[in-house]
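Take a look at the structure below.
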Amino acid sequence: MYQYTEFDKQFVRQRAAQFRDQLERNLAGKLGDDEFRPLRLQNGWYIQRHAPMLRIAVPYGEISSKQIRQIARIAREYDRGYAHFTTRQNIQFNWIPLPKSADVMDLLAEVHMHGIQTSGNCIRNITSDATVGVAQDEIIDARPYCEILRQWSTLHPEFAFLPRKFKIAVNGAKEDRAAVYWHDIGLNLVKNDAGEVGFEVIVGGGMGRTPITGTIINSFVPWQQILVYIEAIVRVYNRYGRRDNMYKARIKILVKAEGQKFFDQVNKEFNDILTRDVDGAAHIIPQAEFDRVAASFVYPEAVKAHAAAGNGLPADASDAEKTQFSKWLERNVVGHKVQGYKAVHLSVKRVGQAPGDVTDAQLEAIADMADRFSCGELRVTHDQNALLPFVREEDLFEVWKAAKANTLASANIGLLSDMIACPGGDFCALANARSIPIANELIERYQDLDELYDIGEIDLHISGCINSCGHHHTGHIGILGVDKDGTEWYQVTLGGSDGSNHAPVSTAGKVIGPSFAADEVSDVIEAIIETYRSQRAANEKFIDTVKRVGIDPFKSAANAVRRTTAKAA
């Protein structure tokens, strides 16, 4: 993990102190709510439907056991006993009283955490693949580049007031597990024919009201120049992006409208920065600076390649233990760069618990497991789970037992019940409908592991509004909450993809018809699943069946279970 320097530590402490001063002036009536609003947002504090919400940055998803314990403490002492993992590898709280917010920022600063630029029209948290640094198919470790991007973009004075929020994702593996085509800027680390490292740069992706996948603007930018190239992109966006309409302010709209003209402007700006700007080359990354940052991303000292002596399963394990453990190995454990190690997914999806929600007790348990089995390191994943990146194969059975004891061992990673969902109308002031009750009903309906395994891999994503925080556009099945005359309705889409191996071409799902009433949604999903089971070829995944037969059979099955909507029609 990146090791904070004294400068880094002081920077975060000063930011927390600055926020405390702003908060105290606001509470004393010396700083108006309108003036305070952008200041609190720049530190991750929203005012939501019922209470403030804090979004904490977890750069590229990497977090330590010490930091997780502090999150558990905040959940216990300042919130209602839980935190929430988001789809952008952040952590959120939903119930912290605003007068206590500065105390929380101080606690976060103690462990080198903050909410800087987790909101506002600026460059947000830099994300990556949750298995970055350990994935078997990794070409280049993206973490040093992500960290350099984080440091460069943090409080960048030129990009503090962009037309709209701006998101960057970095991928260094063969499989795109970072959804780079769905970001304002997506970066794929590549090597050219000479073996030199650079970036394939993708621009203009995004979800929301108008889902658009990004376009390759440059197939190879040398890594040393990537900050300059990104600066050129963001400058052009800052100059020409629309500020008159927030729904058309994202860079995806500008790229779609201007096309090649936008690309030409960026490449001209890039050349001008290097040849005409005073100190324009100052953001070319020196090898020494890269080496300084990269030195934090060596493997922990205890991680040594070795021939594993089994997975720890005892000879006297019961048949039930053997079966459960075998399924968990199949779904929740993935390969590793280092011989003798695995990366382990801890599923937080269970009945009665909203997707992404983690109790303070679970957070403590996750921290204990990280210390005991993963060199004190873990990751927050895009699908709102946690991951232990450095688990010895010999320890897998003990990890499974510890996870099971804390309801973190559901062998469902990538299956229907491992859905992702935003907090929706239960918390978010922007939401049109609730996400959590729909998610909970589906999780409860699909508890039988044998049934889930028969259904196979499905990405089910739920958003409470068009802002798409639940990434419904990229779901093989997507559910979008909409409002009709104050009533909750749900639009269903099929065939979306985030670009991972499930369906390697990033695309937005297609709407299957008019919205469904809340009490119809679970039956609609069941009808879609049963249609797949009747239509699939041998060993064919859901997403491949949808591509092969089209959405009409699924649409007919979904329409057949309409009740409220049929009466309304």
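The values are calculated or read from the model by the stated rules, or taken from the named source; none is laboratory data. Note that this is a predicted model, so its numbers are computed, not measured. Note that we place each Cβ from the backbone using ideal geometry, even for glycine, and neighbour counts take in every protein chain shown. The accessibility values were calculated without ligands, DNA or RNA, using every heavy atom of the protein model including side chains. Shrake-Rupley method; radii C 1.70, N 1.55, O 1.52, S 1.80 Å.
Counting just the residues of region 157-188 that are touching a residue at least 12 places away in the same chain (Cβ under 8 Å) and in a helix (DSSP H, G or I), which one comes out nearest to P222 (Cα to Cα)?
V180
Working only within region 243-259, note down all residues that are out of contact with any Gly (no Cβ under 7 Å at 6 or more places or on another chain) and surrounded by 17 or more Cβ atoms within 10 Å (Cβ to Cβ).
K248, I253
Quick test for you: out of R73, R55, R69, R49, pick the one residue that is of a type in the set (D, E, K, R) and within 18 Å of K165 (Cα to Cα).
Selected residue: R55, the only one of R73, R55, R69, R49 that is of a type in the set (D, E, K, R) and within 18 Å of K165 (Cα to Cα).
Condition check ((1) open to solvent by less than 20 Å² (accessible area, probe 1.4 Å); (2) β-branched (V, I, T); (3) without any contact (Cβ under 8 Å) to a residue 40 or more places away in the chain) across all residues:
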{"position": "L449", "(1), (2), (3)": "no, no, no"}
{"position": "L460", "(1), (2), (3)": "yes, no, no"}
{"position": "S463", "(1), (2), (3)": "yes, no, no"}
{"position": "H471", "(1), (2), (3)": "no, no, no"}
{"position": "T474", "(1), (2), (3)": "yes, yes, no"}
{"position": "V482", "(1), (2), (3)": "no, yes, no"}
{"position": "V492", "(1), (2), (3)": "yes, yes, no"}
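Determine whether region 223-237 contains at least one residue that is of a type outside the set (A, V, I, L, M) and without any contact (Cβ under 8 Å) to a residue 24 or more places away in the chain.
no
Just one of the numbered conditions (1) open to solvent by 40 Å² or more (accessible area, probe 1.4 Å); (2) part of a helix (DSSP H, G or I) is not true of I216; which one?
Status for I216: all satisfied but (2).
Do we have G214 as at pLDDT 95 or above and touching a Leu at 6+ places or on another chain (Cβ under 6 Å) here?
For G214, the condition - at pLDDT 95 or above and touching a Leu at 6+ places or on another chain (Cβ under 6 Å) - is not met.
Only one residue in K342, K337 is touching a Leu at 6+ places or on another chain (Cβ under 7 Å), open to solvent by 20 Å² or more (accessible area, probe 1.4 Å), under 22 Å from V380 (Cα atoms) and modelled with pLDDT of 95 or more. Which one?
Just a single option satisfies the conditions, and that option is K342.
If you go through region 148-170 one residue at a time, do you hit one that is open to solvent by 20 Å² or more (accessible area, probe 1.4 Å), touching a strand residue (DSSP E or B) at 6+ places or on another chain (Cβ under 7 Å) and among the hydrophobic types (A, V, I, L, M, F, W, C)?
No.
I'm trying to understand the selection: among the residues of region 115-133, which are in a loop (DSSP other than H, G, I, E, B) and within 18 Å of L189 (Cα to Cα)?
The answer is I126, D129, A130, T131, V132, G133.
With of a type in the set (V, I, T) and without any contact (Cβ under 8 Å) to a residue 12 or more places away in the chain as the only criterion, which of V278, V266 stands out?
V278
Across region 290-323, what is the number of residues that are part of a loop (DSSP other than H, G, I, E, B), over 16 Å from E394 (Cα atoms) and open to solvent by less than 70 Å² (accessible area, probe 1.4 Å)?
2
Name the residue that is modelled with the lowest pLDDT, counting only residues in region 419-472 that are among the β-branched types (V, I, T) and more than 27 Å from E330 (Cα to Cα).
I466
Quickly run through region 350-393 and pick out the residues that are of a type in the set (K, R), in contact with a strand residue (DSSP E or B) (Cβ under 8 Å, 6 or more places away or on another chain) and either within 14 Å of N406 (Cβ to Cβ) or open to solvent by less than 10 Å² (accessible area, probe 1.4 Å) (or both).
Residue satisfying the conditions is R379 alone.
Kindly establish whether P514 is in contact with a Ser or Thr (Cβ under 7 Å, 6 or more places away or on another chain) and open to solvent by 70 Å² or more (accessible area, probe 1.4 Å).
yes
Do any helices (runs of 4 or more DSSP H) lying entirely in region 1-103 carry at least 2 residues that are surrounded by 22 or more Cβ atoms within 10 Å (Cβ to Cβ), and which ones are they?
Ranges flagged: 6-27, 65-77.
Please count how many residues of region 505-523 are outside any loop (DSSP other than H, G, I, E, B) and closer than 22 Å to V549 by Cβ.
The number of residues fulfilling the criteria is 5.
Name the single residue, out of those in region 484-504 being part of a loop (DSSP other than H, G, I, E, B) and closer than 19 Å to G208 by Cα, that is nearest to the chain's Cα centre (by Cα).
The extreme case among them is D498.
Considering only residues that are part of a loop (DSSP other than H, G, I, E, B) and open to solvent by 10 Å² or more (accessible area, probe 1.4 Å), which ones fall in region 134-147?
Within region 134-147, Q136, D137, I139, I140, D141 meet the criteria.
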